[in-house]
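J.: Sending over a structure as C-alpha cells; questions will come in a sec.
Every number in this text was worked out from the coordinates using simple rules, so none of it is lab data. Remember, predicted model here, so these are calculated numbers, not experimental data. Methodologically, a virtual Cβ is constructed for each residue, glycine included, from the backbone with ideal geometry; neighbour enumeration extends over all protein chains shown.
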Amino acid sequence: LLLEQALREAIASNGLSLNFQPKVQLETGEVFASEVLVRWNHLTQGFISPSVFIPIAERSGLIADLGRWVMEETCRYLAEIKQSGLTILPVAINLSVHELEGSGFAKHLMKYVNDYDLEPSLFEFEVTETGLISREEMVIESLKQLREAGFRVALDDFGTGYSSLSYLRKLPLTTLKIDRAFVSDITDDKVAASIVRTVITLAESLGLEVIAEGVETKEQQSILLKLGCTKAQGYFFYKPLDSLEFRKLINH
Ligand code: G
Ligand code: G
Ligand code: MN
Ligand code: NA
C-alpha cells in the first residue's frame, strides 16, 4: 500500500522516466526503432523494477494513469526530436491488457498523437498473450481499433503463452516478438532452434514482421541470421538507454 501511494505520487509528479532499448538490423546492428521501458527512481529505495510496480499498478487501477503518462512522455520526446530536425525513429510501447479493456482506447491515444503532431505509424503497441486470455473479445476489439487508427501491434514474448497459434488467427498483428527464452537456448538446444526457425517461417507466411528478443551473444546473432531472422533486440547490441544516451546514439 505504501508503494502504491508512492507510485501514485510518482506518476503525478514526474517521478518516472523513460528508457529506450534500440531495435536493430540483426546483421549490421543498425538501429531502426526502439522499445520504450518505464523506469521509477524511488526517493529512498532507488530504482524499482517495472516487473515489481507494473503489477501493483494493474491491481490498484493506476495502470491507466501510468499508461497515459508513458504515451504522453513518449510523444513529447518524439516531438522534441522532430522540432530539432533530428532523425525520428518508430517506438514500441508495452501495454498492459487492463489498458485495452476500456472502450475508446485507440481514440484516446490518437489525441496525444494529434496534439504532438506525430504519425500513428510511428507507434507500435506490444501486448503479451498471457494478458490476452482474459476478456478476449473486448481486447481483440481494442486491438482492431488500434490498427484502424494506423498504429502497429506486436505480440510480445511470443511462444510462452498457452494458445499461441489460435491467437495468431484472431489478433490483428503486425509483428511477432520471439521470446528471449528461445533465443537464450538456441546455441545448445536443437529444439529451440527449430522452434525459432518455424516461428520465422510462420511469421513470413502471415506477412508479419518478426524480431528476436534478448540477443546476448555473437553466437546467438549468427545462428539467428542462419535461421532467417533479420531484426533483434538485446544486450549484445544495446541495453535500455536513457533518453539523452539514445538521442546521442541515433544522431552521432
Ligand atoms: O524494463 P524491464 O526489462 O525491466 O521490464 C520489465 C517488464 O515491464 C517487461 O515485461 C516490460 O514489458 C514491462 N514494462 C516496461 N515498461 C512498461 C510500460 O510502460 N508499460 C507496461 N504496461 N509494461 C512495461
Ligand atoms: O516483456 P518485455 O519483452 O517487454 O521485457 C523487456 C525487458 O527485457 C526489459 O526489462 C529489458 O531490460 C529486458 N531485456 C532487454 N534485452 C535483454 C537481454 O538481452 N537480456 C535480458 N536478460 N533481458 C533483456
Ligand atoms: Mn516488450
Ligand atoms: Na518481451
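J.: Can you list the lysines whose alpha carbon sits under 18 Å from that of Lys248, skipping same-chain ones fewer than 8 residues off?
T.: Partners within reach: Lys23, Lys82, Lys239.
J.: Using a Cα-Cα cut-off of under 21 Å, which lysines could be cross-linked to Lys144, ignoring same-chain neighbours fewer than 8 residues away?
T.: Candidates past the 8-residue exclusion: Lys107, Lys111, Lys170, Lys177.
J.: For region 221-241 and region 19-87, what is the centre-to-centre distance using only Cα atoms, to the nearest Å?
T.: For region 221-241 versus region 19-87, the Cα centre distance is 20 Å.
J.: Assuming R0 = 35 Å, what is the FRET efficiency of His42 and Glu101, from their Cβ-Cβ distance, to the nearest 0.05?
T.: For His42 and Glu101, the calculated efficiency is 0.80.
J.: Given a Förster radius of 45 Å and the C-beta distance between Arg59 and Lys226 as r, what FRET efficiency does 1/(1 + (r/R0)^6) yield to the nearest 0.05?
T.: For Arg59 and Lys226, the calculated efficiency is 0.55.
J.: Which is farthest toward the positive dipole end of region 100-230 among Met138, Thr217, Leu118, measuring Cα position about the Cα centre, with Cβ charges +1 (Lys, Arg) and -1 (Asp, Glu)?
T.: Ranked along the dipole, the leading option is Met138.
J.: Given Cβ point charges of +1 (Lys, Arg) and -1 (Asp, Glu) and nothing else, what value in debye, to the nearest 20, does the dipole of the chain about its Cα centre take?
T.: Charge dipole of the chain: 240 debye, to the nearest 20.
J.: So how much slack lies between Leu86 and Leu206, counting 0.36 nm per residue of separation and subtracting their Cα-Cα distance, in nm?
T.: Here the answer is 39.8 nm.
J.: Through the Karplus equation 6.51 cos²θ - 1.76 cosθ + 1.60, θ set to phi - 60°, convert the phi angles of region 64-72 into ³J(HN,Hα) values in whole Hz; use x for Gly and Pro.
T.: Result, rounded to whole Hz: 5, 5, 4, x, 4, 4, 4, 5, 5.
J.: Related question: Output the direction-averaged projected area (hull surface divided by four) of the convex hull of the alpha-carbon atoms of region 2-247, in nm².
T.: If I average the Cα hull's projected area over directions, I get 13.5 nm².
J.: Give me a comma-separated list of calculated 3J(HN,Hα) values for region 154-159, in order, Karplus coefficients 6.51, -1.76, 1.60 applied at θ = phi - 60°, integers in Hz, x for any Gly or Pro.
T.: 10, 8, 7, 6, 4, x
J.: Another question, if that's okay. Among Asn19, Leu7, Gly67, whose Cα projects farthest towards the positive end of the dipole of the chain, with charges put on the beta-carbon of Lys, Arg (+1) and Asp, Glu (-1)?
T.: Of the listed residues, the answer is Asn19.
J.: Can you compute the modelled spin-label distance between Tyr235 and Arg169, with each label point 7 Å from Cα toward Cβ, in nm?
T.: Here the answer is 3.9 nm between the modelled labels.
J.: Further, regarding this structure: If the label point is 7 Å along Cα→Cβ of Glu9, which residues in region 27-63 have backbone nitrogen under 12 Å from it?
T.: Zone members listed by number: 42-45.
J.: Residue by residue, what Karplus-based ³J(HN,Hα) values in Hz, rounded to whole numbers, does region 117-127 have, using 6.51, -1.76 and 1.60 with θ = phi - 60° and x for Gly and Pro?
T.: Listing the rounded values in order: 6, 10, 9, x, 5, 6, 10, 10, 10, 9, 10 Hz.
J.: Now, a different point. Multiply the residue gap between Ser194 and Ile250 by 0.36 nm, knock off their C-alpha separation, and tell me the result in nm, one decimal place.
T.: 16.7 nm
J.: Counting only residues 5 or more places away or on other chains, whose amide H sits under 5 Å from the amide H of Phe125 once H atoms are built in the peptide plane?
T.: Ile93, Arg152, Val153, Ala154
J.: Here's something else I'd like to know. Neighbouring Cβ atoms within 10 Å as the yardstick, rank Thr74, Thr160 fewest first.
T.: Going from sparsest to densest Cβ surroundings: Thr160, Thr74.
J.: Per DSSP H run of n ≥ 4, the term is -39500 (n - 2.57); total these for the chain, divide by its residue number, and report the mean residue ellipticity at 222 nm rounded to 500 deg cm²/dmol.
T.: Details: 11 runs with 117 residues, N = 252.
Value at 222 nm, helices only: -14000 deg cm²/dmol.
J.: Then there is this: Let me know the longest stretch in the chain that avoids all chymotrypsin sites (Phe, Trp or Tyr not before Pro) found in a DSSP loop with at most 15 other C-beta atoms within 10 Å.
T.: 1-161
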